[in-house]
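Structure record follows, encoded as structure tokens.
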Number of protein chains: 2
Amino acid sequence: MREQYRIELRRLSRDLTEIARLVHRAILDARTALESADVHLAQQVISEDARIDRLQNTLDEQAVRLLALQAPVATDLRAVVASLRMSASLERMGDLARHIAQLTRLRYPEHVLPDCVQELFARMADAAVEVAEETVMLLDSRDLVHADRVDAVNTRMNELHASVFRAIAAPSWTATPATTTDVTLASRYLERFTDHGVSVADKTRYLVTGEWTAHGGPETGRS
Amino acid sequence: MREQYRIELRRLSRDLTEIARLVHRAILDARTALESADVHLAQQVISEDARIDRLQNTLDEQAVRLLALQAPVATDLRAVVASLRMSASLERMGDLARHIAQLTRLRYPEHVLPDCVQELFARMADAAVEVAEETVMLLDSRDLVHADRVDAVNTRMNELHASVFRAIAAPSWTATPATTTDVTLASRYLERFTDHGVSVADKTRYLVTGEWTAHGGPETGRS
């Protein structure tokens, strides 16, 4: 039973990292589709999001079963509850990548973004992809250096998001109202994406520092 | 110990309803502040959101402590896990009410919304307030008629949200780009608000029908 318990805890952790990998793939593809007005790739991101949702459901069921059958306490309990929360954040990140793909599909064969903000959005997309990468590494290694990087990139994202609003409010802005709406939403989606990354980072940090405080060393619940 | 357990389960349920009441107050005040450009009321919504966040934290700690000390199973376990998820949705609803208040504060003494969409937004605000009310009643009574009403209002909200985009894309739209951005965001915040209401409704529905299926009758975990 004890062995089974350890296996299940490790599987939870591994599945969480797997969801983060799918989210990374989703945001990579969503940014490529957005930048090249690639409707097929956009469609793929939209379809693939169902896989993230399914995996999240599976993970959540698994976590609840673990709580029911094994009644974990202390660090392990915290890890299971944190998994439930992190899977919700990752699922939202997948939704946001899908929203960007949906904008791309809606405007095809036009580009969503006017030329004047394409560079700004390239930097925002870089930030989103970087947060997704760091999140995978964080969940895989539990090394908090990745949590700090997520925070730093998120700060950069917030500045870029503010720049988008400044660009829209500037006298030089000539895009149509519908394009203004698209730019506003795309910026908001990207900004929310890294915000959810920060939630995952916060929960991992709490988990890892909690472990150190309470037990003086690393714990086997990691993968 | 058993008696203590029942008291704690009931408290969890009561605290969740209390958060829903604060969210209802927040959206009511945020809509009034938005419609009357009332910066003081907007500021109050912004300050009060910290209280929702604190209550959510308290509830989550309480839920984790309950899992640790009482190791609930079956229906009770599902109720505790659902509480964790619903508190996260309610906290986001509070954030969205705060975002609307922040828009109001940002544009003061101007109104956020141009005249041409004020009636449309009044209907969206009605829908958001209605979802908040139904959520309180749902959590308080566990009567699923309120869950169905949340779904119905959310459908209405989605239609209104689409109308906002149509208004922006129409040739008659003359608002500035900055106002277009504000209108887009305000609409998105309201639409997300009722979406989170649907999440709470879904979780309550699962909880209540789960109880009926598994146990053939209502359960004491309710308040």
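Coordinate-derived values only; no laboratory data. Every value quoted in this text rests on a predicted model; they were computed, and no experiment measured them. Here the Cβ is made from the backbone with ideal geometry for all residues, glycine too, and neighbour counts use every protein chain on show.
Which semi-axes, in whole Å and largest first, does the equivalent ellipsoid of region A:97-168 have when worked out from the alpha carbon gyration tensor as the square roots of 5 times its eigenvalues?
Numbers: eigenvalues 149, 51, 11 Å².
Its equivalent ellipsoid spans semi-axes of 27, 16, 8 Å.
If you count, for each residue, the other Cβ atoms within 10 Å and average over each peptide, how do A:70-77, A:165-172 line up from highest to lowest? Let's see the in-between values first.
Values: A:70-77: 17.1, A:165-172: 12.9.
The most tightly packed comes first, giving A:70-77, A:165-172.
Considering the options B:Leu9, B:Phe121, B:Leu190, tell which one lies farthest towards the positive end of the dipole of chain B, charges being +1 on Lys and Arg and -1 on Asp and Glu at the Cβ, about the Cα centre.
Positive-end residue among those listed: B:Leu9.
Starting at the first residue of region B:47-60, write each ³J(HN,Hα) from the Karplus equation 6.51 cos²θ - 1.76 cosθ + 1.60 with θ = phi - 60°, in whole Hz, x for Gly and Pro.
With coefficients 6.51, -1.76 and 1.60, one gets 5, 5, 4, 4, 5, 4, 4, 5, 4, 4, 4, 4, 4, 5 Hz.
Could you work out, residue by residue across B:9-18, how many beta carbons of other chains sit within 10 Å of that residue's beta carbon, and then give the average as an integer?
Numbers: counts 0, 0, 0, 0, 0, 0, 0, 0, 0, 0.
Partner Cβ neighbours, averaged per residue: 0.
Rounded to the nearest 500 deg cm²/dmol, what is the calculated helix-only ellipticity per residue at 222 nm for chain B, with -39500 (n - 2.57) per DSSP H run of length n ≥ 4? Could the numbers behind the result be given before it?
Numbers: 6 runs with 189 residues, N = 223.
Roughly -30500 deg cm²/dmol at 222 nm, from the helical runs in chain B.
Relative to the longest principal axis of chain B, what angle (0 to 90°, nearest 10) does the C-alpha long axis of helix B:177-215 take?
20
Using alpha carbon coordinates only, what is the Rg to Rh ratio of chain B, with Rh defined as the Kirkwood radius? Each step should come with its number before you reach the end.
Details: Rg = 19.2 Å, Rh = 18.3 Å.
Over the Cα atoms of chain B, Rg/Rh equals 1.05.
Restricting to Cα pairs below 8 Å that are 6+ residues apart, what does the relative contact order work out to for region A:1-107? Please round to a whole percent.
Working: 101 pairs, mean separation 46.9, N = 107.
So the answer I get is 44 percent.
How charged is the neighbourhood of B:Phe165? Take every other residue with its Cβ under 12 Å from the Cβ of B:Phe165, and add Lys/Arg as +1 and Asp/Glu as -1. Each step should come with its number before you reach the end.
Numbers: positive: B:Arg166, B:Arg188; negative: A:Asp182, B:Glu159, B:Glu191.
Once positives and negatives cancel, what remains is -1.
How crowded by other chains is A:175-188, given as the mean number of beta carbons from other chains within 10 Å of each beta carbon? Mind showing how you got there, number by number?
Working: counts 2, 5, 16, 7, 3, 11, 12, 2, 4, 8, 6, 0, 2, 5.
Mean number of neighbouring Cβ atoms from other chains: 6.
Kirkwood Rh, Cα Rg: Rg to Rh for region A:62-111?
Numbers: Rg = 17.9 Å, Rh = 13.2 Å.
Checking Rg against Rh, the ratio lands at 1.36.
Rg and Dmax of region A:34-163 over Cα atoms: what are they, in angstrom?
Rg, Dmax (Cα atoms, Å): 17.8, 56.
In nm to one decimal, list the spacings between the B:Ser172 label point and its equivalents in the other copies, with label points set 7 Å along Cα to Cβ, shortest first.
3.5
Any idea how far the Cα center of region A:9-24 sits from the one of region A:83-151, in Å?
17
What's the Cα-based Rg to Rh of the protein assembly as shown, Rh via Kirkwood?
Details: Rg = 22.2 Å, Rh = 22.9 Å.
Here the Rg-to-Rh quotient is 0.97.
Enumerate by residue number the GluC sites (Glu not before Pro) in region B:121-171 meeting two conditions: DSSP loop (anything except H, G, I, E, B), and at most 15 other Cβ atoms within 10 Å of the site's Cβ. Can you show the working numbers first?
Values: sites: B:Glu130, B:Glu133, B:Glu134, B:Glu159; in loops: none.
Loop-located and lightly packed - none at all.
For chain B, what does the relative contact order come out to in percent, with C-alpha contacts under 8 Å and a separation of six or more?
Normalised by residue count, the contact order of chain B is 29 percent.
If you count, for every residue in B:85-98, the Cβ atoms of partner chains within 10 Å of its Cβ, what is the mean?
On the way: counts 4, 0, 0, 5, 1, 0, 0, 1, 0, 0, 0, 0, 0, 0.
Going residue by residue through B:85-98 and averaging, the value is 1.
Taking amide H positions as placed in the peptide plane 1.01 Å from N, state which residues far from B:Val112 in sequence (5 or more) or on other chains have amide H under 5 Å from it.
So B:Val112 has HN proximity to no qualifying residue.
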